[in-house]
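Here's the structure, in structure tokens; my notes come after.
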Amino acid sequence: MRKALRGFLSLAVLIGTVTATGASVDAATAAEPAALESVQAAAGGDSGTSTDIKDRILAIPGMSLIEEKPYAGYRYFVLNYTQPIDHRHPSKGTFQQRITLLHKDTSRPTVFYTSGYNVSTNPSRSEPTRIIDGNQVSLEYRFFTPSRPAPADWSKLDIWQAASDQHRVFTALKQIYSKNWLTTGGSKGGMTATYFERFYPKDMDGVVAYVAPNDVVNKEDSAYDRFFEKVGTKECRDRLNGVQREALIRREPLEKKYKEYAAENGYTFNTVGSLDRAYEAVVMDYVWAFWQYSLLADCDAIPADAKTAPDQAIWDSIDGISGFSFYTDQGLSTYTPYYYQAGTQLGSPDIKQPWLGNLSRYGYQPPRNFVPRAIPMKFQPSVMRDVDSWIKHHAHHMLYVYGENDPWGAERFRLGAGARDSYVYTVAGGNHGSNVAGLAADEKANATAAILRWAGVAPAAVQSDPAKAKALAPYDARLDKKDVTSERRQGPALRP
């Protein structure tokens, strides 16, 4: 899960809540939201209050303003919120977690979004936010800078602590945004939304998770091998495999070029261990990264006969898809929290790529190789099994969307007999950017209708006929435009 892993209540609920490992939650976890009654009284009730929305938000204990940015039809705030480093022991220190808030009106429902990585500080709107024409709260995942405790106790970076971050933010803002809430995210953000639901199932009214991997048994990755045997067309697979082979066959001249490239840009390789290891990691990501970020039509840009292609053509193809800067110390540093989680709880893929024969020296390198050695790591195999079992037995108002040609969908969330009003859909030919808009017409309508219903804003016509479901807000070229470059760097290709 590297470049793809590189290109998701009240105080009474908190008290006595039990985690998957049986540890009880300290009632003081919600110490700051405990003052919310006085905030509510001071701030007023719904959208009809005379108190400015910024004042109401900043009246929340622990909330502070970084900046407000103008945007027509909305108020947009970049905020910091004081969070416990350890939700089980909140007295042991706090850190500042970044939040953005796209405010439309307190009479509208709200979408809770996270990418599972850093938060963007520019206004944008997730697909569910546009569908329900609502507010959007976006949260930076803990330990992604600047939302990192100092000093950083990495043992406090786990999915329960992150879900508890979301729970506290929701608890605080629900006093102002009292209508229905949905949580959403893509890739690691979709995973984050799922884990939030697993640990705090009473918070959200619905979950919309896009292209969310589900690595239940970390050591069993044959599903990925079967995926790469059949994805796309044989012609496209042969082109990609050929370029990848040539990149390893021509290791000596291309690594010379890599050394020059690193020197020119000041890149170093202390974390991964050597330029050779970094070079191979980039090359090993190539096929995965292509299918994660590209479409079948993009195969036309891949050299048709890799054996006769010049070195520069091989370099350009690998760099354009995998990115030679990624496994440098400078490229990896942003994603240290991701690789730490992949190596302790989330799991990571290990694919065979038999077309490479004996050309690989290191195979698919594990997350441990991409985290500084000073940070201890130990894998916890029971964590994903717990989440998977919970989804199968308790999923309620949960929607998953996958892409047919996205490698991450090879190991996905699947619903069991206990699921209620929940769905898993697949976009034909879709990649890691697949969404509701790309579904077949009937599935798109059903998914849109479900989102509107869960948010409590489904028009009467949609309630009687889901085929009439459509987004309530018109498309906005700035708010709704997908930043492909940012998305490619948002998870490694072997990052979700």
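Between the amide H of Val111 and those of Asn135, Gln136, Val137, Leu182, distances stay under 5 Å, these residues lying 5 or more places away or on another chain, with hydrogens modeled in the peptide plane. Between the entries [x] 110, 51, 43; [y] 88, 62, 39; [z] 72, 53, 45, the label attached to Cα extents along the principal axes in Å calculated for this structure is [z]. Here the extension length gained between Asn265 and Thr308 equals 12.5 nm, from 0.36 nm per residue of separation less the Cα-Cα distance.
Shown here is the pair-distance distribution of the range 189-307: with all Cα-Cα distances grouped in 5 Å bins from zero up to the longest one, the shares run 2, 9, 13, 15, 14, 14, 13, 9, 5, 4, 1, 0 percent.
Under a Cβ-Cβ cut-off of 14 Å, what is the net charge of the residues other than Asp442 that fall near it, where Lys and Arg count +1 and Asp and Glu count -1?
On the way: positive: Lys444, Lys468, Lys470; negative: Glu443, Asp465.
Overall, the nearby charge balance is +1.
Considering just Cα atoms, how many Å³ per residue does the convex hull of the range 89-158 enclose?
108
Rounded to whole numbers, the Karplus 3J(HN,Hα) couplings from phi for the range 81-97 are 10, 6, 10, x, 5, 10, 5, 7, 9, x, 6, 8, x, 9, 9, 9, 10 Hz, using 6.51 cos²θ - 1.76 cosθ + 1.60 with θ = phi - 60°, and x at Gly and Pro. Taking the Cα centre of the chain as origin and assigning +1 to Lys and Arg Cβ atoms and -1 to Asp and Glu Cβ atoms, the resulting dipole is close to 380 debye.
Put simply, when 66-73, 463-470 are sorted by average Cβ atoms within 10 angstrom per residue, most first, you get 463-470, 66-73. Across q = 0.20, 0.23, 0.25, 0.28 Å⁻¹, the range 330-397 modelled as identical point scatterers on its alpha-carbon atoms has Debye log10 I(q)/I(0) values of -0.90, -0.99, -1.05, -1.16, in the order of the q list. Coupling constants for the range 331-347 follow from the phi torsions by the Karplus curve (6.51 cos²θ - 1.76 cosθ + 1.60, θ = phi - 60°), and in residue order they are x, 7, 4, 4, 9, 3, x, 5, 5, 4, 5, 4, x, 10, 9, 6, x Hz; glycine and proline get x.
When the pairs Lys219/Lys378; Lys179/Lys470; Lys174/Lys470; Lys54/Lys174; Lys156/Lys378 are compared against a 18 Å limit on Cα-Cα distance, Lys179/Lys470; Lys174/Lys470 fall above it. Taking 0.36 nm per residue of separation and subtracting the Cα-Cα distance, full extension of the segment from Thr145 to Ser464 would add 110.2 nm. Annotation: amide H-H contacts under 5 Å for Ser124 (H modelled 1.01 Å from N, sequence separation of 5 or more, or interchain): none. For the range 135-146, putting each phi into the Karplus relation 6.51 cos²θ - 1.76 cosθ + 1.60 with θ = phi - 60° gives couplings of 7, 9, 9, 10, 10, 7, 6, 4, 6, 7, 5, x Hz, in residue order, rounded to whole numbers and with x for Gly and Pro.
Expressed as a whole percent, the accessible area of the range 46-198 that falls on carbon and sulfur atoms is 46 (1.4 Å probe).
How many Å² of accessible area per residue for the chain, probe 1.4 Å? Kindly include the intermediate steps, with their values, before the conclusion.
Values: 19410 Å² over 496 residues.
Computed with neighbouring chains in place, this is 39 Å² per residue.
Between Ile375 and Trp355, the modelled labels are 3.3 nm apart [label points 7 Å from Cα along Cα→Cβ].
The values are calculated or read from the model by the stated rules, or taken from the named source; none is laboratory data. It should be emphasised that the depicted structure is a prediction, and the values quoted were computed from it without experimental measurement. Glycine gets a Cβ as well: all are built from the backbone with ideal geometry, and neighbour counts include every protein chain shown. Surface areas here come from the heavy atoms of the whole protein model, side chains and all, with no ligands, DNA or RNA. Shrake-Rupley method; radii C 1.70, N 1.55, O 1.52, S 1.80 Å.
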